[in-house]
Amino acid sequence: MVLSFSYSLFAQQRTDHFIYPLNSKKMKEYMLLIHLPLSYGPDQASALREKWTALTDQWKANGIFVSSFVFPGESYIVAGTNSVTQKDIVSNGLKVVSTIIIRASDFKEAVQLAQNCPILEQEGIVEVREVQPRPETKTWTAEELNNKKIIQNLYEDILNNRKYDLLDSVISPDYIGIGNGDQKGVTSFLETVQAVINAFPDIQWHIIDLMAEGDKVVVRWTWTGTNTGNFRGIPASNNKVTDSAIVIYQLAAGKVINAWLQGDRLGVLMQIGVIPPDLISTNQAQNVTAR
């Protein structure tokens, strides 16, 4: 996508072939659309090859050149559902044959750079358009990627397979825990988790979302299990239960040191029959269990 305005540089001869942007702190990207006469052929291209090579080498050395590509020779014009024509769009005897992406601080400098294109010597023109900024994308650091892997392994390998002997490889001795007072480390973590596993022996966690930022990892999961054991002093209901939660983990040196959980305890109590379903409206019940 490009902006709707542009400049065209018509054929002219220049002697100052290498003009470069001075302001390299705030560079933008510009598209140089190369328009050539229909008569332009291999002989003309060969005559300018060395000049093009010298120019692009200079641009690359100065951090100006970004990329380039040639337009395919074959094209189709679609003007409607029943109107497809094999031809190129030609304007004033010229057609676009290639594109060069460059960096410049503003339109003025981009135009100055375009004025050095050798094609101007052979009745071609260069159209200059500013490229719209591309959306920023999240690039995870090596630490963030490793932290995500640690939390994924915690659920999918250790907890789902009950490999408690591996917990000390991912839980720090300084782990504070969720609601366990002065308890720390693996003991604190396992005490909370084991209470749930005892109540739902076939429990399996399923990760829905996993995100990392700095030393924290956010995971959104659901679990399913059958309530065949005592849950916080509540007798087993033998009901199939689904729970969901969002947990924030903080890690240091590759191990979990803290955690914060926002779950759906009310939804679990409803599913095991402690709270009558008709105690709240249907819409409220749906909202509670969806949290």
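Residues satisfying the criterion are present in region 255-269 (criterion: surrounded by 15 or more Cβ atoms within 10 Å (Cβ to Cβ), in the same structural domain as residue 156 (by TED's automatic domain parsing), among the charged types (D, E, K, R) and within 14 Å of residue 151 (Cα to Cα)). Scanning region 132-143 finds one or more residues that are hydrophobic (A, V, I, L, M, F, W, C), closer than 30 Å to residue 216 by Cβ, exposed (fewer than 11 other Cβ atoms within 10 Å of the Cβ) and free of Cβ contacts under 8 Å to residues at least 24 places away in the same chain.
For region 38-59, state whether one or more residues are outside any loop (DSSP other than H, G, I, E, B), farther than 30 Å from residue 103 by Cβ and small (Gly, Ala, Ser). Before you say what the answer is, go through the steps one by one.
Taking region 38-59 first, the residues outside any loop (DSSP other than H, G, I, E, B) are 42-59.
Now drop any that are not farther than 30 Å from residue 103 by Cβ, which leaves 42-43.
Narrowing further to those that are small (Gly, Ala, Ser): none.
So far as region 38-59 goes, no, none of its residues is outside any loop (DSSP other than H, G, I, E, B), farther than 30 Å from residue 103 by Cβ and small (Gly, Ala, Ser).
When residue 182 is tested against (1) surrounded by fewer than 14 Cβ atoms within 10 Å (Cβ to Cβ); (2) of a type outside the set (Phe, Trp, Tyr); (3) within 30 Å of residue 138 (Cα to Cα), just one condition goes unmet, and that condition is (3). (1) surrounded by fewer than 16 Cβ atoms within 10 Å (Cβ to Cβ); (2) under 29 Å from residue 269 (Cα atoms): which one isn't true of residue 205, the others all being true? So residue 205 meets the others, but not (1). Could you look through region 25-78, keep only residues that are among the hydroxyl-bearing types (Ser, Thr, Tyr) and under 15 Å from residue 126 (Cβ atoms), and pick out the one that is surrounded by the most Cβ atoms within 10 Å (Cβ to Cβ)? Taking the candidates together, the pick is 30. Being closer than 11 Å to residue 249 by Cβ and surrounded by 19 or more Cβ atoms within 10 Å (Cβ to Cβ) is the requirement here; does residue 151 meet it? In short, yes. When restricted to residues that are modelled with pLDDT of 90 or more and of a type in the set (D, E, K, R), region 29-48 contains 1. Looking at region 81-141, the strands (runs of 3 or more DSSP E) lying wholly inside it that each contain 3 or more residues that are charged (D, E, K, R) sit at 125-130.
Take the residues in region 197-246 that are in a strand (DSSP E or B) and among the polar types (S, T, N, Q); name whichever of them is nearest to residue 156 (Cα to Cα).
Here is the first cut: in region 197-246, the ones in a strand (DSSP E or B) are 204-213, 216-226, 231, 234, 240-246.
Subset that is among the polar types (S, T, N, Q): 204, 222, 224, 226, 242, 244.
Numbers: 204: 9, 222: 12, 224: 14, 226: 19, 242: 17, 244: 16 Å.
The extreme case among them is 204.
The values are calculated or read from the model by the stated rules, or taken from the named source; none is laboratory data. These numbers were taken from a predicted model, which means no experiment stands behind them. Using ideal geometry, Cβ is built from the backbone for each residue, glycine included, and neighbour counts are taken over all protein chains shown.
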